[in-house]
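The values are calculated or read from the model by the stated rules, or taken from the named source; none is laboratory data. All values reported here derive from a predicted model rather than from experimental measurement. With ligands, DNA and RNA removed, areas are computed over all heavy atoms of the protein, side chains included. Shrake-Rupley method; radii C 1.70, N 1.55, O 1.52, S 1.80 Å.
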Amino acid sequence: QLQLVETGGGLVPAGGSLRLSCKASGFTFSYVPMSWYRQTPGNERELVARIFDTISSTTYADDVKGRFAISRDNAKNTVYLQMNSLKPDDTAVYYCYVWIRGDYWGQGTQVTVSS
């Protein structure tokens, strides 16, 4: 069965760093784009970063460019989100996402950045 399991969230001070991990199983990971989204109460879930496989291309939301980096380790079926220079506005639930004949989401991991 397809499954996405996220870890790495937590509470950090402004300016700190976190590394989120998403362990995938149940599909052929290497050929599938993987994404991170985030959501705060009352807002739509928004795309934070996406990584493709063929040319290792990435996309980022404007407000995280230069601070966040998405990467993947296909041997471990894992996608990462390295978050540096965190701001209080980065506080959200972060979700791993993949589309395979439908939307699949991780359970979400809470990131809280104190001010």
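Data table
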| quantity | calculated |
| --- | --- |
| Candidate lysines for bridging to residue 65, where Cα separation is under 24 Å - those fewer than 8 sequence places away on the same chain excluded | 23, 87 |
| Bins of 5 Å, starting at 0 and running to the largest distance - Cα pair percent for the chain | 2, 12, 24, 26, 19, 10, 5, 1, 0 |
| Rounded accessible area per residue of region 26-115, 1.4 Å, Å² | 54 |
| Of all accessible heavy-atom area on the chain, the percent that carbon and sulfur account for (1.4 Å) | 49 |
| Cα-based Rg of region 42-86 normalised by 2.2 N^0.38 Å, two decimals | 1.25 |
